[in-house]
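See below for the structure under consideration.
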Amino acid sequence: SQQGEEDPQALSIQEGENATMNCSYKTSINNLQWYRQNSGRGLVHLILIRSNEREKHSGRLRVTLDTSKKSSSLLITASRAADTASYFCATSVSGNTPLVFGKGTRLSVIA
Amino acid sequence: DAGVIQSPRHEVTEMGQEVTLRCKPISGHNSLFWYRQTMMRGLELLIYFNNNVPIDDSGMPEDRFSAKMPNASFSTLKIQPSEPRDSAVYFCASSPRTLSSGGRVTGELFFGEGSRLTVL
């Protein structure tokens with residue numbers, strides 16, 4: 001069963017705009033990760049944020065984590081057509097379990 | 001490094017046939033995961049190995065599914081007999097992190113390009 005749930009399921013924006021995707025999860029976590037999947041391809045790791053961190057940046061990506069609300073957000077600034085993909089959050093829960101993925105947000109960036 | 005290599009990329013077979021999917025993890029990675037992706041259920045973890053040993057196979061849907069990792073550079077996922085509901089994209093992923101102290105898998109995953117299985 002999914003631990004993380006992304007919102008929205010689909011998002012369509014114009015090139016140059018910012019894209020924000022949210023992830024909510026149910027149980028305590030060790031870390032939360034975001035992945036990107038281009039159509040017909042495998043998932044690619046974007047960024048990892050640990051449970052004791054609140055914000056992390058990587059290039060045009062900004063991830064926040066609110067453990068009190070059990071939620072995370074991924075912000076892509078100045079989006080490009082090449083950012084069109086599905087984005088997944090994945091959580092590593094406390095204990096002896098591997099990553100559990102949400103169903104993803106499908107982002108379309110229109111040139 | 002070539003990344004995680006999966007084969008075949010596409011497989012079309014008839015119900016009842018045996019299907020074998022193959023995976024070569026990134027050299028030096030000691031954790032390997034098999035996931036299945038469908039539109040309805042998203043990404044589901046089927047089984048994972050640590051240092052070639054199966055750790056948790058509770059995600060394997062039925063006895064028709066089996067997975068092996070005979071050495072650090074090769075794993076197989078077998079479905080016998082296959083059924084139409086097994087149609088999905090099967091991903092293999094590897095991770096450079098072992099279970100950390102306390103038994104937590106915390107590292108990022110490196111995915112292969114997937115094997116798209118269609119069972120008619």
Förster-model FRET efficiency, 30 Å R0, A:Ala82 and B:Thr38, C-beta, rounded to 0.05: 0.70
Principal axis dimensions, largest first and in whole angstrom, of chain B by Cα: 44, 29, 27
Least to most buried among B:Val89, A:Val100 (fewest other Cβ within 10 Å first): B:Val89, A:Val100
Derived scalar couplings ³J(HN,Hα) [region A:44-55; Karplus, 6.51 cos²θ - 1.76 cosθ + 1.60; whole Hz; x for Gly, Pro]: 10, 5, 9, 6, 10, 10, 7, 5, 9, 9, 10, 8
Gap separating the Cα centres of region B:106-120 and region B:1-27, nearest whole Å: 9 Å
Where labels lie 7 Å past Cα in the beta-carbon direction, separation of A:Arg54 and B:Glu62 in nm: 5.1 nm
Relative contact order computed over chain A (Cα-Cα under 8 Å; 6+ residues apart), in percent: 39 percent
Estimated dipole of chain A in Debye, rounded to 20 [Cβ of Lys and Arg +1, of Asp and Glu -1, Cα centre]: 200 debye
Sequence of A:Ser39, A:Ser58 once ranked by neighbouring C-beta atoms within 10 Å, starting from the fewest: A:Ser39, A:Ser58
Placed amide H near A:Thr84: partners under 5 Å, 5+ positions off or other chain: A:Val109
Likely footprinting exposure, A:Glu6, B:Glu62, fewest C-beta neighbours within 10 Å first: B:Glu62, A:Glu6
Per-pair calculated FRET efficiency, R0 = 22 Å: A:Thr20 and A:Thr67 via Cβ, rounded to 0.05: 0.70
Those residues of region A:10-26 whose amide nitrogen sits under 12 Å from the label point placed on A:Ala111, 7 Å along Cα→Cβ: A:15
Value of relative contact order over chain B, rounded to a whole percent, pairs C-alpha under 8 Å and six or more apart: 36 percent
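The numbers here are math on the coordinates, done by the rules we state, and not lab data. Keep in mind it's a predicted model, so treat the numbers as computed, not measured. We place every Cβ from the backbone using ideal geometry, glycine too, and count neighbours over all the protein chains shown.
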